[in-house]
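The values are calculated or read from the model by the stated rules, or taken from the named source; none is laboratory data. What you see is a predicted model; the values in this text were computed from it and never measured. Here Cβ is always computed from backbone atoms with ideal geometry, including for glycine, and neighbour counts include all displayed protein chains. Side chains included, ligands, DNA and RNA excluded: accessible areas come from the protein's heavy atoms. Shrake-Rupley method; radii C 1.70, N 1.55, O 1.52, S 1.80 Å.
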Amino acid sequence: MSASLSVGQALMTAAGKSTFILGLVFAIAPLLVWAERRQSAMIQDRVGPHRASIRLFGREWRFLGLLHPFADSLKMVWKEDFVPPGADKILHAFAPWISLAPALLGLAIIPFGPAIYFEHLGDTLMLSPEGVPCVAGLASGVLGCTAAASQLGTELQVATLDAGILVFFAAGGLGVVGAALGGYASNNKYSLLGGMRAAGQMVSYEVTLGLTLVGPLLVFGTLRPEEMVRWQSSSIFTWGFVLQPLAFVLYFVAAMAETKRVPFDVPEGESELVGGYFTEYSGMKFGMFFFAEYVEVIGLAAIAATFFFGGWQIPLLTDAGFVVGQLHLPLSHGWVTALRVGGFVVKVLALIWLQLMVRWSLPRFRYDQIMRLCWRYLLPLSLVNIVITFLVIVWLRS
Amino acid sequence: MGKPVKRPEQSRSEQAFLPEIAKGLRLTASRFFKNTFSAAEKGDIATVRYPEEQREYPERFRGVHRLTQREDGSPRCVACLCCSTACPAQCIHIEPAEYGDGDPRKGYEKFPKVFVIDELRCIFCGMCVEACPCDAIRMDTGIHMPPALERDAFLLDKEVLLRVPAADGSVKSANPRHEPGDHTYPGIDRDRSGH
Ligand code: SF4
Ligand code: SF4
């Protein structure tokens, strides 16, 4: 941050960025409920929910069933909030928050766009030979810098931290507490068992999850997500999934297990544990567990996009517009930024789609299989990935 | 000693999991894209959007009952109570009566003064149709009972039952009746009975 930015301005931009990312999450999460139901219907040759309608201008509008999530949330808000007798009332009330808050917190470090220069939205920007952004113009017939950017840009990221990705892991680790507390506080043996299963599964997979990302971290040489995305800028071949394909697969599996969704959904099981750790939750408290699950899905996709799919990078799109060989289509800074934010959202949605596909394709694992998969396959493989990455990097440097 | 269970043979690719998962994903994704983006043909979606679309009933679908009429519009039913006896749901109520003086059928046949079927209790088994000796009750209407708010609406009486048409629109039966006096009449009539 340059000194010219006052505290007030800094607060304003932080609030704006938080609003954007929260708005995105709160828009995508209900959409996800809809997408999940419709997508599963399409996979299974059904139509899915499409009946909820609203009367506007004398016509019934169904919006492809998009109203169902809203009807569902209304229902949840108005449902009775039941606390079982003998439950620990305070912990019972806190558990959903402890589940939801870390999931949202993790999203703070996701860079959803490049640094933005509010003064130069209409100008074309480019990197000067020294690597500093500057206003581009035709200087004596050659595209070059004509003026320096007037001030430092604002990173489109809620929290630009040195610890970066570690914050995401730390926040993810807190999610375990929510599930375990929910199970413990309900005074119900099914809830307790479900909570214990959730805790066991999440703690195990967190180890793998952290280690799978060490490979990309070695490659990028930084913990800061925004730096990682810049690192992947030169072409699609520097994107994480090309350089670290094994890490991507391992990360995807481990992260799906972290979200506790099919095929890793053993913390809940109708035939054995009723609803797992949220058996005794109803109304909006249940809704928050439910919401946390979808926020985790979004977080998983956002991290995967950042680490493995170039974040907001769009192939061939540079700061100064599209560049294909000698061809150059200049775009103003505002357009470039908008395209990149849009590109990031598209990547996230595509990865969410992939998660839903997996969720509706695979049957669930048994609990022992989940543990075996984690400790006997994923963990050693991620270690192997680290060692190989390390050796290759050392070999390339020498 | 337990019986050794033979493990299923699994190829390397099956054991490695990921290729199999990719195969499964390819299958589900192909369904997904086919059903999502072939809107004109509705893809392979099997769902019948019920109130707007209706599945075509098979020819022998057992719908709401009807009482078949004779040529003169009176019921073919002779109030023999076979159907109400056969009915496992006991939902047919019949009050038989004699034809009036001067009616040629008097003394041969009765007629149902009251004939009520409770379509709510009916289980649509078709036993009544099987039991009827006169082809007087049929379930070939092809309609299922429309919903109503009161139970009484489901008590169909003789007048209604006589007017319900078959799926082909007829209120009669294709099977001929053999009236007393016809030379095809199989029973004993007044002339031959020695009355
Ligand atoms: S269909 Fe079966 S239940 Fe219904 S009236 Fe006939 S015999 Fe009774
Ligand atoms: S409908 Fe048929 S079986 Fe029933 S009383 Fe009439 S004649 Fe007899």
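Average partner chain C-beta neighbours within 10 Å, per residue of A:256-268?
0
Take the solvent-accessible surface of the protein heavy atoms, probe 1.4 Å, and return the percent of it on chain A that carbon and sulfur atoms account for.
In chain A, the share of accessible area belonging to carbon and sulfur is 71 percent.
Where does the longest stretch of chain A lie that holds no trypsin sites (Lys or Arg not before Pro) found in a DSSP loop with 16 or fewer other Cβ atoms within 10 Å?
A:80-363
Okay, helix-only estimate at 222 nm for the protein assembly as shown: each DSSP H run of n ≥ 4 adds -39500 (n - 2.57), divide by all residues, round to 500 deg cm²/dmol; what do you get?
Here the helix-only value at 222 nm equals -14500 deg cm²/dmol.
Using only protein heavy atoms and a 1.4 angstrom probe, determine the accessible area buried between B and A, summed over both sides, in Å² to the nearest 100.
Separately minus together, B and A give about 1500 Å² buried.
State, to one decimal in nm², a quarter of the convex hull surface area for the C-alpha atoms of the protein assembly as shown, i.e. the direction-averaged projected area.
47.7 nm²
What relative contact order, as a whole-number percentage, does chain A give when Cα pairs under 8 Å and 6 or more residues apart are counted?
Relative CO of chain A lands at 21 percent.
About the Cα centre, and with charges only on the beta carbon of Lys, Arg (+1) and Asp, Glu (-1), how big is the dipole of chain A? Nearest 20 debye, please.
Computed charge dipole of chain A: roughly 820 debye.
Can you pull the percent of the range B:66-163's accessible area that's carbon plus sulfur, 1.4 Å probe, other chains left in place?
Ligands and nucleic acids excluded, carbon and sulfur give 55 percent.
Using a 1.4 Å probe on protein heavy atoms, which residues of the range A:29-71 have at least 30 Å² less accessible area in the complex than alone?
A:42, A:43, A:45, A:47, A:51
Could you rank the peptides B:107-116, A:380-389 by their average count of other C-beta atoms within 10 Å per residue, with the highest value first?
B:107-116, A:380-389
If I take every Cα pair under 8 Å that is 6 or more residues apart in chain B, average their sequence separation and divide by the length, what percent do I get for the relative contact order?
Reported relative contact order: 21 percent.
In the P(r) worked out for the range B:105-146, what percent of Cα pairs fall beyond 16 Å?
Of all Cα-Cα pairs in the range B:105-146, 49 percent lie more than 16 Å apart.
Can you give the log10 of the normalised intensity I(q)/I(0) at q = 0.10, 0.11, 0.16, 0.18 Å⁻¹, computed with Debye over equal Cα scatterers of chain B?
Rounded to two decimals, the profile gives -0.61, -0.67, -1.06, -1.24.
Comparing the chain by itself with all protein chains present, which residues of the range B:21-35 are at least 50 Å² less accessible (probe 1.4 Å)?
Checking the loss per residue gives B:25, B:28, B:32.
What dipole magnitude, in Debye to the nearest 20, does the range B:66-163 give about its Cα centre under +1 on Lys/Arg Cβ and -1 on Asp/Glu Cβ?
120 debye
Would you mind getting the Kirkwood hydrodynamic radius of the range A:202-342 from its Cα pairs, rounded to one decimal in Å?
17.4 Å
Hey, can you find the accessible area per residue of the protein assembly as shown for me, probe 1.4 Å, expressed in square angstrom?
Value returned for the protein assembly as shown: 54 Å² of accessible area per residue.
So if the hydrodynamic radius of the range A:262-379 is defined as the Kirkwood radius over C-alpha pairs, what does Stokes-Einstein give as its diffusion coefficient at 20 °C and 1.002 mPa s, in µm² per second?
In µm²/s, the coefficient is 122.
What translational diffusion coefficient, to the nearest whole µm²/s, does the range B:66-163 have by Stokes-Einstein, given a Kirkwood radius computed over alpha-carbon pairs, a temperature of 20 °C and 1.002 mPa s viscosity?
153 µm²/s
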